[in-house]
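The values are calculated or read from the model by the stated rules, or taken from the named source; none is laboratory data. Since this is a predicted model, take the numbers as computed values, not measurements. We place every Cβ from the backbone using ideal geometry, glycine too, and count neighbours over all the protein chains shown. Protein only, heavy atoms only, side chains kept; ligands, DNA and RNA dropped before computing areas. Shrake-Rupley method; radii C 1.70, N 1.55, O 1.52, S 1.80 Å.
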Amino acid sequence: MKLSKNCLFLLVALVLPNLAYAAKDETTWNQVLKQQFFAGKTIQKGDAIIQLTTPKRAEDPALVPIKVTASLLQTKEKYIKRILLLIDKNPVPLVGEFEFTPDSGKADIAMRVRVNTYSYIRAIAEMNNGELYMVKKFVKASGGCSAPIGADYDAAMQRLGKMKFRLDKNIQNGKPTMAQLLISHPNVTGMQMDQVTRFTRRAHFIKQIKVTFNDKPILTAKTDIAISSDPNFRFYFVPSEKGELKAEFTDTSCESPVSRSVCQSGKTYTKAYTVSP
């Protein structure tokens, strides 16, 4: 039986809103993630504290740019202590937990992530007084966690651990300065098939990052497989004097892409950079 054009239009009009509603379903957040990370705590609307910038539709689901921008400067009296980034429907929803201090200057953080299916991305900021604020954006993407690494794996492993800093050209003493940390690491998810052997590679990813200036913590992060290959982080610090900006990261490898019960400690890599305001 053939449907008339009017019937087809009516069917589409009825189905599309339901599809959109299903795609933006927040069940995972309400029933799982909120309880897992913030059980018993009140989370306020966070637009006045932080802003989250993402594309509406990802050009490359394995390299989705996201940025969190804080509305306030970091001071000893009031500052953002932690920002938690989650992707509701990723196999491992935790993107990372990023800790800041007053010496960070600004609690801004930017990176590229993998998005596995249509999902909300959430940024939850925790203030130094314990208050929580959340913002979210819906991103359309598919297959980011299983997408091929892209570069030659052997070559990627040879340069693993190399790091580079990039700083603003005009560094001002005592002013928040943006820094960029580029890390060579394939950040294997454990869901990517080797295009030659057709086997799935074991998960192997960066699990912890620490950035200091003259030994004072600037940025500390716990990350997982949602961070893209060859991670690229942008953040702020306050160069109050000539000194050493230092980055250190540790990786791990796990039997399962989603379970962290069977993992092996990896290696720790460091990089130092002399800063002259």
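Worth a mention:
- Residue ID - nearest to Leu73 (Cα to Cα), chosen from residues in segment 254-277 that are open to solvent by 60 Å² or more (accessible area, probe 1.4 Å) and among the hydroxyl-bearing types (Ser, Thr, Tyr): Ser276
Okay, residues lined up against (1) in a strand (DSSP E or B); (2) of a type in the set (Asp, Glu); (3) closer than 29 Å to Arg57 by Cα; (4) open to solvent by less than 30 Å² (accessible area, probe 1.4 Å):
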site: Arg122; (1), (2), (3), (4): yes, no, yes, yes
site: Gly130; (1), (2), (3), (4): no, no, no, no
site: Lys137; (1), (2), (3), (4): yes, no, yes, no
site: Gly143; (1), (2), (3), (4): no, no, yes, yes
site: Leu160; (1), (2), (3), (4): no, no, no, yes
site: Lys169; (1), (2), (3), (4): no, no, no, no
site: Asn173; (1), (2), (3), (4): no, no, no, no
site: His185; (1), (2), (3), (4): no, no, yes, yes
site: Lys210; (1), (2), (3), (4): yes, no, no, no
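- Among the residues making up segment 136-155, those that are in contact with a strand residue (DSSP E or B) (Cβ under 9 Å, 6 or more places away or on another chain) and not β-branched (Val, Ile, Thr) are Lys136, Lys137, Phe138, Lys140, Ala141, Gly144, Ser146, Pro148, Tyr153.
- Any hit, segment 227-236, residues being under 23 Å from Ala110 (Cβ atoms), open to solvent by 80 Å² or more (accessible area, probe 1.4 Å) and charged (D, E, K, R): yes
- Strands (runs of 3 or more DSSP E) lying entirely in segment 39-79 (those with 3 or more residues that are open to solvent by less than 40 Å² (accessible area, probe 1.4 Å)): 64-70
- Odd one out for Ile206, checked against (1) touching a helix residue (DSSP H, G or I) at 6+ places or on another chain (Cβ under 8 Å); (2) hydrophobic (A, V, I, L, M, F, W, C); (3) open to solvent by less than 20 Å² (accessible area, probe 1.4 Å): (1)
- Within segment 216-223, the presence of at least one residue that is assigned to a strand (DSSP E or B), open to solvent by less than 70 Å² (accessible area, probe 1.4 Å) and either touching a Gly at 6+ places or on another chain (Cβ under 6 Å) or under 27 Å from Gly143 (Cα atoms) (or both) is confirmed.
- Tally of residues being open to solvent by less than 30 Å² (accessible area, probe 1.4 Å) and in a loop (DSSP other than H, G, I, E, B) across segment 239-253: 1
- Within segment 79-121, being touching a helix residue (DSSP H, G or I) at 6+ places or on another chain (Cβ under 7 Å) and aliphatic (A, V, I, L, M) holds for Leu84, Leu86.
- As a summary of the residue check, Leu14 satisfies the conditions (1) modelled with pLDDT of 95 or more; (2) in a helix (DSSP H, G or I) except for the one numbered (1).
- Residues that are hydrophobic (A, V, I, L, M, F, W, C) and in contact (Cβ under 8 Å) with a residue 40 or more places away in the chain, drawn from segment 237-262: Phe237, Val238, Leu245, Ala247, Phe249, Cys254, Val258
- Lys106 satisfies every condition listed in (1) surrounded by 21 or more Cβ atoms within 10 Å (Cβ to Cβ); (2) without any contact (Cβ under 8 Å) to a residue 12 or more places away in the chain; (3) charged (D, E, K, R) except (2).
- Qualifying residues in segment 187-203 (those that are open to solvent by 80 Å² or more (accessible area, probe 1.4 Å) and among the charged types (D, E, K, R)) - the one nearest to Ala107 (Cα to Cα): Arg202
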